[in-house]
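Any read-out appearing in this document is the output of simple, stated calculations on the displayed coordinates, not a laboratory observation. What you see is a predicted model, and the numbers here were worked out from it, not measured in a lab. Here the Cβ positions follow ideal geometry from the backbone for every residue, glycine too, while neighbour counts run over all protein chains shown.
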Amino acid sequence: MKKENCYQHLNLLEREEISRGLVLRQSLRAVAKRLGRSTSTISREVNQRNNGRFGYRAFQAEKAAAKRYKNHYALKIKRIDQRTELKNYILRKLKLRWSPEQIAQNLKKEYPDDKTMNVSHETIYTYLYLLPKGELRKELLSYLRQKRAWRRTKRKNNIIGANRGKIPGMISIEERPKEVEDRIIPGHWEGDLIIGAKQQSALGSIVERTTRLVILVPLKARDALTIRRAFAREMKSLPKQVKRSLTYDQGSEMTEHKLFSKNTKIKVFFAHPGSPWERGTCENTNGLIRGFFPKSTDFNQIPRKTIKQTQGLLNARPRKVLSWRTPSEVFNELLH
């Protein structure tokens, strides 16, 4: 059997191989080699049973292991359920769309000396997924960010990106200053559109590369004029020291980039076609935004107030990349 790169619990087939090897009086080393396991793993498995080497039975061992796993996870659930303050804290942050890892790290910051208020993010995930089926479980799991591939839709089906051509006067990302790539100096942004249901609406997203601060831009339409005015309106209010550049893809919605730069004093650079990694900060943030506004969302029906409330929630969430500080905290520190 092929040896795994990382440890996995023994399964029933492997336990049957162990049992067969012991009956044939093979050494634990020989059994381990055939299974691609360490000798200590096989030894530990056999010694967990009190029947001795020749009393080992695969089915009984599998049943005992399942019971151990069940008890282990039951303790994790019990640990949260029995601590009302901890449970309420977790539920409250989940409703704000915080991830279990963000919650666990913030608990360490807020309760550094209280072990009863400290749990790992694995424990939180286990608690959620092992809740009894029902509305509570369904609601809490809906707050989790789902693992998915890149957010971007296929451009051939995207009205905005359908007939992409070279944008007049565009400046390639290859000419962007090195300071942008290094994230040393703040004020360099990435932008994109998040498309709504049936491609009938959109929401603008602008993310600062250093602090991960996000600006959500409500849009009444998706033409270049509307988008240029909406993006400029949001960014003109920013302090001068954080208005340096904007990196965008080669979408026709940014054909008025020269006017945008003139009105905002922000230079626009264009990424290569089909290269979402060149705007990775924005792509990742769009995934977070989708947690609030799934693909079925009609942005024409979402009030500006709701959009801006979501922007506030995103900027108030601690981020691992920021050493568990929030984008708002880091951004405000840079302004003082």
Exercise for the section: Out of all DSSP beta bridges with both ends in the chain, state the antiparallel percent to the nearest 5. Expected result: 60
Handout entry: 0 to 90° range, to nearest 10: angle between helix 84-95 axis and the chain longest Cα axis
Key = 40
Problem - Across LYS267/LYS320; LYS108/LYS320; LYS93/LYS308; LYS63/LYS138, pairs whose alpha-carbon gap is larger than 23 Å - result: LYS267/LYS320; LYS63/LYS138
Exercise for the section: Could you state the angle between the C-alpha long axis of helix 12-23 and the longest principal axis of the C-alpha atoms of the chain, as a value from 0 to 90 degrees rounded to the nearest 10? Expected result: 30
Exercise for the section: Can you put HIS336, HIS121 in order of Cβ neighbours within 10 angstrom, beginning with the fewest? Expected result: HIS336, HIS121
Practice task
Rank-order 315-323, 212-220 by packing density, defined as the average count of other C-beta atoms within 10 Å over each peptide's residues, highest first.
Solution key: 212-220, 315-323
Handout entry: Among (i) 16.9; (ii) 23.0; (iii) 15.4, the entry derived from the coordinates for mean projected area of the Cα convex hull in nm²
Key = (ii)
Problem - Rel. contact order, % - alpha carbon contacts under 8 angstrom, at least six apart, the chain - result: 14
